[in-house]
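Reading through the structure tokens given below for one structure.
The values are calculated or read from the model by the stated rules, or taken from the named source; none is laboratory data. Because the structure is predicted, anything quoted here is derived from the model rather than measured. Positions of Cβ are backbone-derived with ideal geometry, glycine not excepted, and every protein chain shown enters the neighbour counts. When the accessible area is computed, the model is the full protein with side chains, heavy atoms only, and any ligands, DNA or RNA have been set aside. Shrake-Rupley method; radii C 1.70, N 1.55, O 1.52, S 1.80 Å.
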Amino acid sequence: MDRSRQSASIRLVSSGLNFADRQIALREIVDDIRSLRDRAPHGAFDRSPALDRLLQMITAAVIPIARADDEDWENILMELLELRAAMARIGTGAAQAPH
């Protein structure tokens, strides 16, 4: 699926998600980010303690994040989707600047 269409569709329905669906969405995005990190070419995300800590914090805070008001929830969700998209570009080498 095209990531931009996926992000757009999540934006359209994200405020309508119930508490359980928000938890599931957060966990899936965190799992996607971990998977991108693990599958990335050697060196792309080596020694990324900040990323590891961020993912730990999000995992530990799934309940409060899922309970956020709609505006905060959508902001958090979009930031995570942007992080996932950036990591996907880095992982495929698409984010590398020409030398």
Sites A68 and R34 - FRET efficiency at Förster radius 30 Å, r taken between beta-carbons, to 0.05
0.85
Accessible area, probe 1.4 Å, largest first, for residues M78, M57, M87
M57, M78, M87
Report the gain in length on full extension from L54 to H42: 0.36 nm times residue separation, minus Cα-Cα distance, nm rounded to one decimal.
2.2 nm
